[in-house]
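Comments concern the structure below.
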């Protein structure tokens, strides 16, 4: 039987693509091949020849769905794609729109419905939390500059400013607020989200929903190390029934099918939902290490295979990230820049620890 060819996005150093491919390769071995969809020719995973068979540059989502479809069709004509597994928030809406056409091409696209995506967006978090009975920090949505200043007047500094797709900055005053909003709207426009800074113990949960309101697996972890934006750089799996019950509440409320990540903080004994990310997180490989290969289970689910609920996970499993140097040839880089794609024919890349 021919190997399954899966297209994966999010190939930047801090993005989920590499972790997802490692998870799928662990379970499927030689039964899977990977095509990379990349926004930038300098994303390091573009050159991981031990993972990727081919890589293609894809337009940014704001450039329009027709341009993205053209690139996918081109990639599909050179190496027929069975499944697209996106890992970045910004592309999910576009791929949801393109899903009927992609299905005509024989491509399974792992994206939620647009209506469900809207429900779990950062801008809709207050409404979702109210509807399912969860607590969140004070969260205000600003859809223009007047809204920014009105929302800022209701929150004590410091507070978080978040883009509706990416970025989060902790601001301590009006000057920082203006700079943060400009930074986020320059790339993605309004709205922006202003959220109270709630100190406490931070957790993330990766889960797989069955589409009927139940969960097939979930692995919670406590953040041990944070990057400059407060994202998990290292974590450890924990046993906390409250985190699992809160995850069930969200999945049931959304009737979620596929992977998602919850960010939660425990503040003065209360568990507050910070945000929902509707895809695999960058730390997804920790679920594999803990005994639940959730990316592989999500792939089987998307292909219509039976996925049995996981019985449990290993508590106390740690994952710490490291930087590595990825070797690449100038020929491959030039092909990406000039032709928009490259086929890897060289032996596996040699990576040195830093």
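Odds and ends about this structure:
- Bridge type composition, the chain - antiparallel percent by DSSP, nearest 5: 75
- The range 87-164 - Debye-derived log10 I(q)/I(0), Cα point model, q = 0.11, 0.22, 0.23 Å⁻¹: -0.43, -1.04, -1.09
- Per residue of the chain, the DSSP helices (runs of n ≥ 4 H) give a summed -39500 (n - 2.57) that works out to -10000 deg cm²/dmol at 222 nm.
- The range 145-179-the range 301-326 distance, computed between alpha-carbon centres (Å): 34
- Sorted peptide list for 325-334, 53-62, criterion being average Cβ within 10 angstrom, highest first: 53-62, 325-334
- Along principal axes, Cα extents of the range 138-196, largest first, whole Å: 26, 18, 17
- Overall form of the range 183-268 per C-alpha gyration tensor (a/c, 1.5; a/b vs b/c): oblate
- Whole-angstrom gap from the range 91-129 to the range 219-280, using each part's C-alpha centre: 21
- Rounded, prolate or oblate (a/c below 1.5 giving rounded, otherwise prolate when a/b exceeds b/c) for the range 34-90 by Cα gyration tensor: oblate
- The order of the peptides 262-269, 31-38 by mean Cβ neighbours within 10 Å, most packed first, is 31-38, 262-269.
- With 10 Å bins from 0: P(r) over the range 3-140, alpha-carbon pairs, percent: 12, 39, 30, 15, 4
- Among 12-23, 248-259, 113-124, the peptide with the highest mean count of other Cβ atoms within 10 Å heads the list, and the full ranking is 12-23, 248-259, 113-124.
- Against the main long axis of the alpha-carbon atoms of the chain, helix 17-28 sits at an angle near 60°.
- Sorted largest first, the principal axis extents computed over the alpha-carbon atoms of the chain equal 56, 45, 44 Å.
Bear in mind that the values in this text are calculations on the coordinates, not laboratory data. Keep in mind that this is a model prediction, so the values were computed, not measured. Please note: Cβ atoms are built from the backbone with ideal geometry, for glycine as well, and neighbour counts cover all protein chains shown.
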